[in-house]
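Structure record follows, encoded as structure tokens.
The values are calculated or read from the model by the stated rules, or taken from the named source; none is laboratory data. Because the structure is a prediction, the values reported are computed rather than measured. Cβ coordinates were reconstructed from backbone atoms using ideal geometry, including for glycine residues, and neighbour counts include every protein chain displayed. Please note that ligands, DNA and RNA were not included when accessible areas were found on the heavy atoms of the full protein model with its side chains. Shrake-Rupley method; radii C 1.70, N 1.55, O 1.52, S 1.80 Å.
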Amino acid sequence: MTLLRNALIGASALSLAACGAGGEDMASASSTTPIAAEPTMEVLEKTEHDKLFALFAVADEANLKLNPINALFRGDMRYADRIGDFGTEEYVQQDISNARDNLSRLADIDRDALSTTDQIAYDVFKYNQEQTLKGNTDEIRA
């Protein structure tokens, strides 16, 4: 249930962020980042908006690698040969590591320099990562 909630919250954050893509229509925004491209934080990070969207892309890719079934739901077949290691200690540790890394990178983004829509996306993304960490505590996992 927590995994589904986190997936929905993450999808909501990305959807909200896409709404504030600075006037780009969805076709042009998606055509610049093909599914097969490996997103990195090394993209020309000129604005806080660019940094935020680069983080979303990197975090989303890490999530797809960790949860290959999510990729299948999107029609992304790159990880179709895997089902995922849900419930294993390695999975949990990678999930925790991803969330901590995302929060660390998010802290480097000046929230006040973002548009109102991007601030909402920032907040939802931060909340999602914090919930991931809370959901992976020893007490919850027990």
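Each residue in region 60-80 was checked for being touching a residue at least 40 places away in the same chain (Cβ under 8 Å) and open to solvent by 70 Å² or more (accessible area, probe 1.4 Å), and 1 of them qualify. Considering only region 81-132, state which residues are open to solvent by 80 Å² or more (accessible area, probe 1.4 Å), in a loop (DSSP other than H, G, I, E, B), in contact (Cβ under 8 Å) with a residue 60 or more places away in the chain and under 15 Å from F56 (Cα atoms). Within region 81-132, none qualify.
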